[in-house]
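Here, each number is a calculation from the coordinates, and none is a lab measurement. All values reported here derive from a predicted model rather than from experimental measurement. Neighbour counts run over all protein chains shown; Cβ positions are idealised from the backbone, glycine included.
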């Protein structure tokens, strides 16, 4: 310390350099709404046109799942087989190396897909699911056709926007893909006596690559090429064969070839106009606010080049939310900072208050320096960590400054007083810092999305507290030393604006309260313990809410109609739903309809299964008049009653990771029909619970199918293979894929389809097959129309077949009514147990959902809490060289927990995710007071004649800094209780009430417990 004081100016220069480094780091740190949550997930999707769910399952899903489950690092594989489409989601283990595992997934998909039938399209593998949506725009027009004509323009948009540094990709919804379609006229084919197979063969030969080698002539090597048709107009002139007259027949003679739109996946409307959605996705770690400025500038330029009939609407920007969140948090930060300074001015001399106040911004700025290296950016979680730190970080500065001033008042000189002042408290300072670090450090190991979400808070706190300790042990003493040396004479002791009040507290505490509590320590201790135990039972009366709804205006209404509902019908139903709401609710400010796959990854909402029968209606409400939660409570039941043929779910943005359903039951089994029946029984039993709002299953409703039944005997008699029937039906309905048409500029799928005269189905009368039997001499082979060989009937089959880890698994989800969550959870557990017992052999049940997720979280937090207490115990045991004294000090954690419970109960705040973390965080904060008090008692035992006198005088000396440090922490967080976000109020309440309660009881009970330990161990003062 003497060297530090001797070279104090070098210390100041070093601190200034750190400040500039911290400011530079702040300017470079990315700013976003919430922390990036890593999603170690890969998705695989495959299109199999016209295939039933069972065919998709057998042909695509089963082979892929078998190989994916063998990849080391893959934790779970889920899938869904639907009509013409299969999707697989693979979840990686927590310790897996994503790049390596994702590479293996791509290789497996590539290898397995080589064995798929030609009709199956190449699987699409997406392993980059961590991109966040920066902004979403609507392009509006009076009709879809005007929007579809913007295809080339949107490609320009994609190129321009992805060229911006920090942009990962562009997602465009509502614009159908294109394909090259060869449509054959069935009548012309018959007149020219040509078959579709001849057309298919001719086209495939023409578009197939022709590598015919090289030749050498005159010492030159010539590459040999065959001139082939390279555009659609040329391809229409392709000769297929000859007719009876010996004339060449081309494609245009028997049909047409055109570039057409595929079936649309999404229909979007906004405020009554047709819309396309353009969403910009950002790379990881990008500064969202800065990126938005570049995007806005580019969008403004591109918008000016659009036709006059097209409007551009900015539907969503993350930067707007960031600005709102940061404005509120910076306001709370400023209020907290001001409140802490007021407390210090009231309790400390003005000069000391200014000096201690300087340590706040210095510590926070220096604490920013390591953040980029541990992957933490500026978001609402990291800033709330700084607000918590404001009240804690001044503790060390207050204690150091107070003790140095005390040594000066006792007559010590500048050097001696500073060194002795630091020496007396440095062990406590270091120990208390370690205890705070130990209380927060284990929280960085929380697993899953909850851990990713909250990790910034303990990280920021740890680095800020470390910085504050360094400042308290270097900056504060060097400044006080320099000030003391410049003083001409001994200044009169000053104690702040409320110095007299604090002196009165010291007198009352040391002269009135402590003599009474130390006189009967057993009575004091037992009374305090019983009181705390009784008050702790209030925990059962506190409501529970894992993550609260965010204060946002958006409400998402997710809708699923029965399987087989066309996308146009779904769109009309959603329009009716919008009109139903806007006609009765005046607080809706705007609305948008996304029919099909739903919203483009914004507002934390997505459809678990999507198709033509699904969609989402998004409404924004006027927050000055109502809230999203109120809107949901008011309209969820009326919407379900009005649109009873659909499953309707209302949700708003949650202040945290997306929650799971309250009850989720997965039933596994081999046979599809019995499995569906068991799942429906489970759904009905959960729905019959009085407190249940709704129960659903993910297998979907039965989907209508047209089943063709071939006359097997007739086919056999005429030697007609079933493949001829299949190919004719496929040609007339979905078409036959012929590969890719590539003209060197664009690549489009190429298909051939037979026009049978029925645009909405299959006309069996117009489709013919030829008998393979040898005809009579001179006679043509027999020809049959399909209606002579097959019959058709309408049947209903399951529309989706879900899997979990390769097994057929149907998920049942149940949701409680508002305010009946606890009763519902209790009853649903009983129902689930009964369902499990009633399942037939070969069928099993796996229970999960929000309840299980919460249980896992609390088990994990309980383990971390035990680790925190152990580390605190170990630190104190080393400091005091005692195994019993740490028990006394860590016992104050129980006082803090009791105080937190009281605070949550009185304020009506829920026992939430952050409230629990606040309680865990109290462990390291509250023991500081006990450590400082007991250390002074131990020092006084060398001076005073009795242990009781040593306790009383230690209380007199330390009550002021204990009260001041507690008040600063309370003052820092109190503004959050009244003006902060709903996410952080439970955290602030638990810490403030825990600190208030534990500070009072620490001053009352710790001296009594200390005397009891002294009597038990027989340790006495030197004089005794």
Sort 476, 225, 878 by Cβ crowding within 10 Å, fewest neighbours at the top. 225, 878, 476
Between the helical axis of 628-642 and the dominant principal axis of the chain, each derived from Cα atoms, what acute angle in degrees is found, rounded to the nearest 10? 30 degrees
Report D for the stretch 96-181 in µm² per second (integer): Stokes-Einstein, Kirkwood Rh on Cα pairs, 25 °C, 0.890 mPa s. 148 µm²/s
If I compute Rg/Rh (Cα atoms, Kirkwood Rh) from the structure I just sent, which labelled value in [x] 0.98; [y] 1.05; [z] 1.09 lines up? [z]
Sort all Cα-Cα distances of the stretch 58-120 into consecutive 10 angstrom bins from zero, then give the percent of pairs in each bin up to the one containing the longest distance. 21, 53, 23, 3
Using Cβ contacts closer than 10 Å as the measure, can you line up 32, 747 from fewest to most? 747, 32
I need the semi-axes of the equivalent ellipsoid of the stretch 699-854: take the C-alpha gyration tensor, multiply each eigenvalue by 5, square-root it, list largest first in whole angstrom. 51, 23, 15
Report the far tail of the P(r) of the stretch 256-341, meaning the percent of Cα-Cα pairs longer than 19 Å. 64 percent
I need the shape label for the stretch 549-653. Rule: rounded when a/c is under 1.5, else prolate if a/b > b/c, else oblate, with a, b, c from the alpha carbon gyration tensor. prolate
So what is log10(I(q)/I(0)) for the stretch 827-963 at q = 0.14, 0.16, 0.19, 0.22 1/Å, when the Debye sum runs over its Cα atoms only? -0.81, -0.94, -1.12, -1.28
Neighbour-count ranking for 651, 576, 263 (other C-beta within 10 angstrom, fewest to most) reads 263, 576, 651
Using mean Cβ contacts within 10 Å as the protection proxy, how do 411-422, 531-542, 190-201 order, highest first? 411-422, 190-201, 531-542
At the level of C-alpha centres, the distance separating the stretch 325-387 and the stretch 418-456, in angstrom, is 17 Å
Just order 671-678, 377-384, 544-551 by mean Cβ neighbour count inside 10 Å, highest at the front, would you? 377-384, 544-551, 671-678
Compute the helix-to-body angle for 947-979: its Cα long axis versus the longest principal axis of the chain, expressed 0 to 90° and rounded to tens. 30 degrees
The chain: antiparallel bridges as % of DSSP beta bridges, rounded to 5, reads 95 percent
Tell me the angle of helix 196-207 to the major Cα principal axis of the chain, expressed in degrees between 0 and 90 and rounded to the nearest ten. 60 degrees
For q = 0.16 Å⁻¹, Debye-computed log10 I/I(0) when each Cα of the stretch 348-486 counts as one equal scatterer: -0.79
Peptides ranked, highest mean first, by Cβ atoms within 10 Å: ranges 783-795, 687-699: 687-699, 783-795
Determine the calculated [θ] at 222 nm for the chain from helices alone, applying -39500 (n - 2.57) to every DSSP H run no shorter than 4 residues and normalising by the residue count; nearest 500 deg cm²/dmol. -16500 deg cm²/dmol
Applying the gyration tensor rule to the Cα atoms of the stretch 470-570 (axes a ≥ b ≥ c; rounded if a/c under 1.5, else prolate if a/b exceeds b/c, else oblate), the class is oblate
Relative contact order of the chain, defined on C-alpha pairs under 8 angstrom at six or more residues apart (%): 16 percent
Once the Cα gyration tensor of the stretch 925-1024 is found, what semi-axes does its equivalent ellipsoid get, as square roots of 5 times the eigenvalues, in whole Å, sorted largest first? 35, 12, 8
